[in-house]
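To start, the structure under review is shown below, and the notes come after it.
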Amino acid sequence: MRFILACLFATMSFAALAQEGGDATVPLPKPRPAELSSEPAVQLPRHRPAAPPAAAPDKPVEAPDTPAEALATPDPIGPPLPPGEHTAEPAEPTAPPRIYQTACPAVLLGKVEAKALPPIEDKLCGTQSPLSVTGVLANGRMVPISGGVETDCGIASALPAWIESVDSYLKARDNTEIAEVVVGTSYMCRNVNNGSGGNLSFHAFADALDVIGFKLADGRFVTVEQGWSDAQSSEGRLLRFAHDAACAHFTTVLGPEANALHRDHLHVDLGCHGKTCTARLCE
Ligand SMILES: [Zn+2]
């Protein structure tokens, strides 16, 4: 028995000497990399060392993205932030308030050529969905409207049929047509009749229009100021037809015979007259 143990011991010693000499024929397992044996498999972030369990936070936790240990333990990699800065919340981008406006069917249908404008807010004056109107469809063509017209959808919607009736009158009676409708005041923040007191005009709500006259395809420029006085002239008849025809499309029509303030234009608006807003004022 002793002999067997001695032989076994001698064999193991010889194998160890052969390994140190580098000529061993039996491959040995390679040494394991140091990191596999000295560090855990899942490496923790180096800049967020875990706080000791007993460490109590200096301040109450204010938000999930500022844990207590981050406040209590300085960052070992980067310099510490100035006091207070690390607790600041990033500013939330605030969306601008939505502007609620309505579309105008007359524009959608191509009866009115107009561009939507931002809401007008001027003291008690203004309107939510004003339009910059540049033309209306009449007898199959777009008739330009000049003067920088700012109006609401109601006035814009009533214009095409009125302008078409005036245009049809010119075609039938004078063998010409409207080349351009010339407008004076549309939106304006003012009182009725430009008074220093009293009620606001419908101009103050972009719900009124002052038509100065009509440029015609035959070259004439028929104005209320110059053409109204002679009721028997071609211009006088045209302007009276335009005035009377407007009464079918607007609730208020005021011309030179209403008062001296309207001697040079036709005022049209869609103000409410009567308890049910069905009465009309045509002067
Ligand atoms: Zn007016």
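The values are calculated or read from the model by the stated rules, or taken from the named source; none is laboratory data. Not measured: the values here are computed from a predicted model. All Cβ positions, glycine included, derive from the backbone under ideal geometry; neighbour counts span all protein chains shown.
Checked against (1) without any contact (Cβ under 8 Å) to a residue 12 or more places away in the chain; (2) under 19 Å from Asp174 (Cα atoms), Asp218 passes all but condition (1).
Among the numbered conditions (1) at pLDDT 95 or above; (2) more than 18 Å from His243 (Cα to Cα); (3) part of a strand (DSSP E or B), the only one that Pro118 does not meet is (3). For Gly213, the test of being of a type in the set (Gly, Ala, Ser) and over 20 Å from Phe250 (Cβ atoms) is failed. Selection within region 161-214: residues that are within 18 Å of Asp244 (Cβ to Cβ) and of a type in the set (Gly, Ala, Ser). The member of this set that is nearest to the ligand (Cβ to nearest atom) is Gly213.
Within region 196-283, which strands (runs of 3 or more DSSP E) (wholly inside it) include 3 or more residues that are within 35 Å of the chain's Cα centre (by Cα) and surrounded by 16 or more Cβ atoms within 10 Å (Cβ to Cβ)?
Numbers: elements: 208-216, 221-223, 252-254, 266-269.
Passing ranges, in order: 208-216, 266-269.
Can you name the number of the only condition in (1) touching a Phe, Trp or Tyr at 6+ places or on another chain (Cβ under 9 Å); (2) within 13 Å of the ligand (Cβ to nearest atom); (3) under 19 Å from Val182 (Cα atoms); (4) not aliphatic (A, V, I, L, M) that His262 fails? So the condition that His262 fails would be (1).
Looking at Ile99, Ile145, just one residue is assigned to a strand (DSSP E or B) and β-branched (Val, Ile, Thr), and that residue is Ile145.
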